Structure formats: structure tokens, C-alpha cells
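Below is one structure, written out as C-alpha cells; comments come after it.
The values are calculated or read from the model by the stated rules, or taken from the named source; none is laboratory data. As the structure is a prediction and not an experimental result, all values here were calculated from the model. With ideal geometry, Cβ positions are generated from the backbone for all residues, glycine too; neighbour counts draw on all protein chains shown. Note: areas computed on protein heavy atoms with side chains; ligands, DNA, RNA excluded. Shrake-Rupley method; radii C 1.70, N 1.55, O 1.52, S 1.80 Å.
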Amino acid sequence: MIMKRTVYIIGHRNPDTDAAVSAVAYAKLKQLLGFDYYVAARAGYFTPQTDYIFNKFKVPVPEYIPDLIPKTAYYMQDQCQTVDSGTSLWAAIGKMNSLDYKVLPVVDENGSYKSLLHYSAFAKSILTSLNPEKKIVITTSVNLIAATLNAQPIIKKNEDELFKGIIMVGNAKLETFKERLEAHKAEKLIIIASNREDIQKACIEAKVKLLIITSGFVLNKELRALAEKNGVSVLISPYGTTSTSVLVSYSMPVSVMADSSVEPVLASETVAKIRPKLQSSASRCLPVVDGNNKVCGLIHESDLLRDPSVEVILVDHNEMSQAVEGVENYRLLEVIDHHRVGNLATKYPITFINKPVGATATLVASLYRENRVSIPVEIASILLCAILTDTLILQSTTTTDTDREMAEYLSNITNLDIQTLGEEIISAGSRIGGRSATEVIRQDMKEYTEGKLTYTVSQIEVDNTSEILKRKKEFLEELEIERRSRKGLFSALLVTDIASLSSLLFIEAEKAFLPFIAYPKKEDNVYYLKDIVSRKKQLIPMISEVVAKYAQ
């Protein structure tokens, strides 16, 4: 059985409120429709505004996934049985056969991985132990032998103590047998005898470690009393001498026979890293452990040939440059977005919902209504917040009648006042005091591609631009670092003044590009954009034209 199917619903890198809320709300809708394998995820850390909203309405945040580079967890078989290190080899091999396993992870009493039992290791160890040219010496205990033989205990002394025992069959003439007894330390001897009382008595008088009587024969009371006195353990095997001899050899604890050189792989390790380890493993299979060294699955080389157990739905973006790293390795099922359509290509038909509304949250809320599913109050609350943040409290030029109607609908469900709530959450996201330029720029940054040219545009809403202008040098230096790290044409920060509904554009670019920018200049590298508040609907179309002229 493979790892449980998971469909991640995830927004763009550096998720804003709309992306985070849309992921959570859409995952909740899927779950309410009976699909529990849909999971809300985020590809970056929350902005202060988004944190504020999720905390205010006590909604669990989506799972943090820094990347979707193929990992062991997405391919492994997570239904994995283990065996305790003290289990007999016979029981462990039986478990492998019943489960049709090629390998069996061995764990200690705390469940931590210790070694791996596989047929190559077993064959090598058993041939070494049963070498006919040497004495048959095994590590075992009285209880392990009793369990392996399904034997009837008569006397058990120190039954759980592991010892190195020499197996000897008592089938010779008495005098010859006694000579063999004297040649070994009695406390190490495991004697397999039938119903010959002379052999039984010799063993008990010599104080051997264990006497095994075969074929269900019994020990007479006099000899039993002597065995009790001499501290000799006695078991009655239901099998004949030959079968008993073989089975005793399989009573060794699995820890002795397993391969301790096989190191496990972490569920979080990348496929690229574990592939060579799989190729060099004897069984082409490795145990998978979590961060606490607990076994959570198995990974076979053949598992890497099948599709991963992860699939993806994108919300609030459709351009791969904005998506979480590694997303191209998985099947894309759906896209729900309100931005321009980029260069998205898929191998299979998908559900693609893209409408010119002010927020993706508007589209997600409408899907609840289309599916006739009532919206939980806490979900309706964060959906309303997402619409208000992405439309600047329904004042942005991107705002549509659909957004206004949906905001009223959600306001009615939650009994929240639109204007009061909007001002509260906009204010929570506009504070930059105590925050670094790096944090502000990256909290809502998107990368765009125009032909062979790339650039980034970040955005922040503030109630006053004076503070950010005082820190102009700091912000421009960070934008230049961002541009150079990506080898981009430019990196910009759109600072939207929610009081005047206009913006400032901070930009660092290649020197040859700056003369193409014809916007009103407020200061060096800072431009005033009257009535511009939307990055998606206003700035990007404008800047795209500038980039196109530069590229000619």
C-alpha cells in the first residue's frame, strides 16, 4: 500500500492574505464534500496582516511547505511492519513471508530503527552459524528456543538471558556422549535428546544449560527433581530430533542476523539523494525513518518509477515563476486565480477558473454557493478579510460588483462590519516599524517573465508613506540585492497609500532600463503613481509595456 494520496492546495511564494485564505477555504470546501485528502499549504511565511487575521478568527494556518522538490515521503510505502530486535529469527522470517516482505526493519524496545533483515543478510549469517566444519554456536535464550519450538516448558532457569550456546544431539553411546560432554563447558550446552534416560541423566548430572527432549517424550520425576536441583532448564519439543535441531538454530534473536550496516533514509530526503543508496543496497529497498529515527515506511527502487502520491491545486496564481519550487514534478489538478494568464502548460486537462474579480477569495466563496455547502463562520470571516485586503476595502479599481455582492453576503453570515473590519486588517498590515527592508519586500513579492526578461514587483499598503521614504536607501539597497540575485531586469516595490489611493514605486534596475520609465519622479529611483493601487490590474500592464519597448 502506498502513501496516502495528498492534494496540496497552495498559493504563490511569499503568500499574501488572499493566497493563504483561498488555500484554507478551498481545502475546507473539499473536506466538507467528503475528500479528506485535500490539504491547505503555504510556500512561505505569513505577512503580519495574514498572521493577524488567522489569529483573530482562530483558524489553523496551512501546512508550511518550503518546496515540492521530490522527496522520499511522496513515493514510499507507508504501511510498514517492523519486528522487535529480541524476536526470534524463525518468527521474523514467518512475518516476512506472511506479509510478502523482502525486507523487515528491526527496531529496539523504543521503536527506533536498529537494522534491516533481508534475505542476503539472513543467508550469509545462517550459513556462517551452521557451518558443518565448525561447532554450531548460536546466540539465543531459553524462552526464544521455547517459542520457536512451541515447546512445553518443564523447568526454566534465567529464561530471558541471552547466551552463546553449542548445539549437541545426544544420539551416541553413553560413554562416547559423556566424553563429548566433558570436552565442552556444560553451562554453554544445548542438548537435544529423545527418550533415552541414560543420556538425559548424563546431561542433568553435567549441569548443561538446556536439555530438550524431542517427540513429546516426558522426563521422569526423579530426573526432573535432579534437574531442578542442578539448575538445568528442560523443554519438551513436539518435533522429532532432526526438526528440533533445525528449529533451534532459528531461535537466534533477529538482531543477531539482521544487517546493521544498512542505514535508513529520512522521509524528508530528496529522491535525488536516496537514489544512489537504493541502487547500492542488496535488496534495492531501504527503511524510511522520521526525524526521531522511528520507522515510518519502506522505499523500493521500483517505487520511484510510479507517480508520486502528491498532486497540486494552485490558488491566486498561475505562473510557474511564482509557484512553489518543484511544483512541475506533480500533476496539476486545478487553478483558481484572478490574475493574468501566464505561460502555464499541463500534461493533462485541468479545471481552470480565472475571472477578472478583485480577489481569489471571491471565487472560492462562490464555489461554496455553487456546491450548496454552507460556509463555516470562521471560514466566512477570513474570506471576507481576504476580499477586503485585496480590494483595499472595495475601493481598488480591481473591485467588481461580484466582489461587493460577495462581501455583503459574507458580512451577513459573520455579522462583521465591512468598513470597520477592513480598516482594522489594513492597519495591521501597514506597519513597517521594526521590520527590515528584506522582510517588507519579500512578504508579498511576485516574479514576472516577459520573453527572456524577468523582474519582481513587491507590494505593501501603508497609511502614510513618510516612514518608508525616510528609509529609502535601505529599501533601494535591498531591491538591488534582490535584482542581482535573480539576474533580473529590475526589482520594484509598490508602496500603496490607502489614504490617498495612490502609490510610490521604488525601483532598482539595469542602468539602460531607467530612461524608459516615464512616470512622474518623486526622488531618484522613486516614482509617484497617482490613482494606481493595483499591482495586478494597473501596474503590471503598464510596466509590461515599458519592458516591451526596452526589449525592442
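Label point 7 Å out from LYS277 along Cα-to-Cβ: which residues of the stretch 301-343 have amide N under 13 Å? 301, by backbone N distance to the label point. Once the convex hull of all Cα atoms in the stretch 248-389 is built, its volume per residue stands at 214 Å³. With contacts taken as Cα pairs under 8 Å at a separation of at least 6 residues, the chain carries a relative contact order of 15 percent. Here r is the Cβ-Cβ distance between LYS229 and ASN110 and R0 is 60 Å; the resulting FRET efficiency, rounded to 0.05, is 0.90. Remark: C-alpha extents of the stretch 448-552 on the principal axes read 37, 27, 20 Å, sorted largest to smallest. Overall, the stretch 299-359 carries a charge dipole of about 300 debye about its Cα centre when +1 sits on the Cβ of Lys and Arg and -1 on the Cβ of Asp and Glu, all other atoms neutral.
Think of the chain as a dipole: +1 on every Lys or Arg Cβ, -1 on every Asp or Glu Cβ, centred on the Cα centre; then among THR87, THR241, ASN371, THR241 lies furthest on the positive end. Over the stretch 388-461, the hull volume per residue, using the convex hull of the C-alpha atoms, is 113 Å³. How far is it, in nm, from the label point at ARG435 to the one at ALA147 when both lie 7 Å from their Cα along the line to the Cβ? Each label point lies 7 Å from its Cα, and together they span 5.9 nm. Spin-label model, ASN371 to GLU408: label points 7 Å out along the Cα-to-beta-carbon direction sit 2.6 nm apart. A viscosity of 1.567 mPa s and a temperature of 4 °C, combined with the Kirkwood radius over Cα pairs in Stokes-Einstein, give a translational diffusion coefficient for the stretch 335-461 of 79 µm²/s.
With Rh defined as the Kirkwood radius, the inverse of the mean 1/r over Cα pairs, the Rg/Rh of the chain is 1.25. Peptides 358-366, 426-434, 342-350, 173-181, ordered by how many other C-beta atoms sit within 10 Å of their residues on average, highest first, read 358-366, 426-434, 173-181, 342-350. The rule of thumb for compact globular proteins, 2.2 N^0.38 Å, goes into the C-alpha radius of gyration of the stretch 318-391 1.24 times. Hey, rough spin-label estimate for THR270 and ARG471, points 7 angstrom out along Cα→Cβ, what's it come to in nanometres? If labels sit at THR270 and ARG471, their model points lie 3.3 nm apart. Taking one quarter of the surface of the C-alpha convex hull of the stretch 1-65 gives a mean projected area of 4.6 nm². Taking a ≥ b ≥ c as the square roots of the Cα gyration tensor eigenvalues, the stretch 27-103 comes out prolate, since a/c reaches at least 1.5 and a/b is larger than b/c. Positive end of the charge dipole of the chain (Lys, Arg +1 and Asp, Glu -1 on Cβ, about the Cα centre): tell me which of SER430, GLN459, ASN220 has its Cα farthest that way. Comparing the listed Cα positions along the dipole, ASN220 ranks first. Within the full protein context, the accessible area of PHE46 is estimated at about 30 Å² for a probe radius of 1.4 Å.
The packing ranking of peptides 190-203, 157-170, highest mean first, is 190-203, 157-170, where packing means the average number of other beta carbon atoms within 10 angstrom of each residue. Would you please classify the overall shape of the stretch 454-504 from the alpha carbon gyration tensor, given that a ≥ b ≥ c denote the square roots of the eigenvalues, rounded means a/c under 1.5, and beyond that prolate means a/b larger than b/c while oblate covers the rest? Oblate shape, in that a/c is at least 1.5 and b/c is the bigger or equal ratio.
Just list whichever of LYS452/LYS522; LYS472/LYS521; LYS209/LYS229; LYS487/LYS522; LYS511/LYS549; LYS446/LYS537 have alpha carbons separated by over 19 Å in the model shown. Pairs exceeding the cut-off: LYS452/LYS522; LYS487/LYS522. Under 1.5 on a/c is rounded, so check that first for the stretch 249-296, then, if it is not, pick prolate when a/b is larger than b/c and oblate when it is not; a ≥ b ≥ c are the square roots of the alpha carbon gyration tensor eigenvalues. It comes out oblate by the Cα gyration axes. Based on DSSP H segments of at least four residues, each scored -39500 (n - 2.57), the chain has a per-residue ellipticity at 222 nm of -10500 deg cm²/dmol. Give me the net charge of LEU394's neighbourhood, meaning all other residues with Cβ under 11 Å from the Cβ of LEU394; Lys, Arg count +1, Asp, Glu -1. Taking every Cβ under 11 Å from that of LEU394, the sum is -4. Overall size of the stretch 127-248 from C-alpha positions, given as principal axis extents largest first: 39, 31, 25 Å.
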